[in-house]
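What follows is a set of notes on a single structure, which appears directly below.
Just so it is clear, none of the values below were taken in a lab; they were calculated from the coordinates. Model, not experiment: these values are computed from the prediction. Virtual Cβ from ideal backbone geometry, glycine too; neighbours counted across all protein chains shown.
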Amino acid sequence: MKKKQQKRVLLGRFAVDSGQFMIIDPCYVLGKGYELTKEQYDKSCKITNKTTGGEIKERLAVVSRTRDGDGCYPVYAIYDHDGRLSKIEIEFE
């Protein structure tokens, strides 16, 4: 029996103007008592200036710098053999 192959789908592209990006649940951006503050943004800048990336406010978000700074980067969803989301890939090349 032939195994189903993984499927890679372009979700879209996102623009970067600060040389860094953040992964966060959208409800935290909109509010609900957890929204990001200027202080947390400043912390993300400190993290990406010192290291490749890290967590903001105890698992609120993950921040990382990009490979070459500003740009527009494609984001892909990788689906497993059963069609379930397996991972997200961002291409910085």
Angle between the chain longest axis and helix 38-50 axis [Cα atoms, degrees, rounded to 10]
70 degrees
Let me check against my output: what whole-number percent is the relative contact order of region 29-91, with C-alpha pairs under 8 Å and at least 6 apart?
18 percent
Positive-end residue, the chain charge dipole about Cα centroid, Cβ charges, pick of I47, I78, I23
I78
Dipole magnitude of region 32-78, debye to nearest 20 (Cβ charges: Lys/Arg +1, Asp/Glu -1, about Cα centre):
120 debye
Sequence gap of 8 or more, or different chains, plus Cα separation below 29 Å: how many lysine pairs satisfy both in the chain?
17
Could you size up the charge dipole of region 4-70 around its Cα centre, putting +1 on the beta carbon of Lys and Arg and -1 on that of Asp and Glu, and report it in debye to the nearest 20?
380 debye
